[in-house]
Amino acid sequence: MTEIKAKVSETMVQKNILSVKDLTISFHTFEGEVQAVRGVSFDLKEGETLALVGESGSGKTVSTKAITRLLPTKSANISSGEILYNGENLLDKSAKEMNKIRGKEIAMIFQDPMTSLNPTLTVGRQIAEPLEEHQGLSKKAALAEAIQLMEKVGIIGAKQRASQYPHQFSGGMRQRVMIAMALACHPKIVIADEPTTALDVTIQAQIIDLLKDLKTEFQTSTIFITHDLGVVANIADRVAVMYAGKIVEIGTSDEIFYNPKHPYTWGLLASMPTLEIGDKDLYTIPGAPPNLLNLPKGDPFASRNMYALEIDFEEEPEMYRISETHYAATWLLDVQAPEIEPPLEIQARNKIFEQTLAAKKG
């Protein structure tokens, strides 16, 4: 395994800027009720980056679209939960009130800028629109500010390019335009939904570095959605692992990468390519995620879990506390569970974590 230097996060008292509590969301379909999000709870602290990771269909995007109230009103049903921002429940806000919050205080960077940008408007006009709407700037002043934002996100020749249309930009440049739009009004929270998925690895690295720099400059709190744990390692302070509509493990970036406790997290980490793999086959988690129309009895991950206990097929596990910041929902953490050795790759990560903690204490 490639030697990875773990950083141990300093314990800081940070105020929660956003709290999602027991959020449950389903969708009405012709086939039945899809249980997309099931009792999800998490906090976002001021100035931190929280990553939501997991396979497609795990509930990451649906959870965050509920925050911005962008779920389809006809099919989506939020049956329980609260989303507290500045002490107020966003689920109680009217459409008019959300229009004042969305873009100004909570902004979103979408996965595919080509389908999110308006092909009939110049990029300069699209970046300027939220400045006119939320900041009350004139068209001229808003466009001037938009050009400055384009320069800030690394678009060369911004003044000339502001008059161009989305199809005249490359994928990486379009994503930079989306980032400029999201940051236009200096929002307190930015939700980045798989912002690097459609980009090659070189451009991915540039976008990640850009997001990190802008987060520091603008002092934003960020929710970063991805299925790529390699991306998470470079940007997240904390990580929430989602499976079948629930958070199954949450902790600091170091705890998730170097001291994971849930077998699903083990599988995700073992699936990451490393320099040591060579020509060996990359590990894949067996099977497929469950059908959210008809969830199986017990833990939805049980049928894919080589470490599953009998109780996994009967009851869903509770969330067990590992540390002040680290929790996991697996019966392997129960006092009555047998001792299980995690995969060798995970054991190697655990040693790095233990050595780093010991060095810090010493």
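The values are calculated or read from the model by the stated rules, or taken from the named source; none is laboratory data. None of the values given here were measured: they were computed from a predicted structure. As a convention, Cβ positions derive from the backbone with ideal geometry for all residues, glycine included, and neighbour counts pool all protein chains shown. Heads up: the accessible areas ignore ligands, DNA and RNA and are worked out on the full protein's heavy atoms, side chains in. Shrake-Rupley method; radii C 1.70, N 1.55, O 1.52, S 1.80 Å.
Do we have Ile109 as over 25 Å from His227 (Cα atoms), within 21 Å of the chain's Cα centre (by Cα), buried (at least 16 other Cβ atoms within 10 Å of the Cβ) and not aromatic (Phe, Trp, Tyr) here? The answer is no for Ile109.
Note on the range 42-52: residues that are within 11 Å of the chain's Cα centre (by Cα) and over 22 Å from Asp213 (Cα atoms) total 0. Within the range 238-260, restricting attention to residues that are under 18 Å from Ser303 (Cα atoms) and assigned to a loop (DSSP other than H, G, I, E, B), the residue that is nearest to the chain's Cα centre (by Cα) is Gly245. Output the residues belonging to the range 75-90 that are open to solvent by less than 60 Å² (accessible area, probe 1.4 Å) and either small (Gly, Ala, Ser) or part of a loop (DSSP other than H, G, I, E, B) (or both). Ser75, Ala76, Ser80, Gly81 - these are the residues of the range 75-90 that are open to solvent by less than 60 Å² (accessible area, probe 1.4 Å) and either small (Gly, Ala, Ser) or part of a loop (DSSP other than H, G, I, E, B) (or both).
Please find, among Pro119, Pro130, Pro72, the residue that is open to solvent by 30 Å² or more (accessible area, probe 1.4 Å), of a type outside the set (S, T, N, Q), closer than 27 Å to Gln168 by Cα and not in a strand (DSSP E or B).
Within the list Pro119, Pro130, Pro72, the selection yields Pro119.
Answer yes or no: is there a residue in the range 247-269 that is surrounded by fewer than 20 Cβ atoms within 10 Å (Cβ to Cβ) and without any contact (Cβ under 8 Å) to a residue 40 or more places away in the chain. Checking the range 247-269: not a single residue is surrounded by fewer than 20 Cβ atoms within 10 Å (Cβ to Cβ) and without any contact (Cβ under 8 Å) to a residue 40 or more places away in the chain. Could you please find all residues in the range 309-346 being surrounded by 12 or more Cβ atoms within 10 Å (Cβ to Cβ), part of a helix (DSSP H, G or I) and not charged (D, E, K, R)? If the condition is that a residue be surrounded by 12 or more Cβ atoms within 10 Å (Cβ to Cβ), part of a helix (DSSP H, G or I) and not charged (D, E, K, R), then Ile311, Phe313, Trp331, Leu332, Leu333, Ile346 are the ones that fit.
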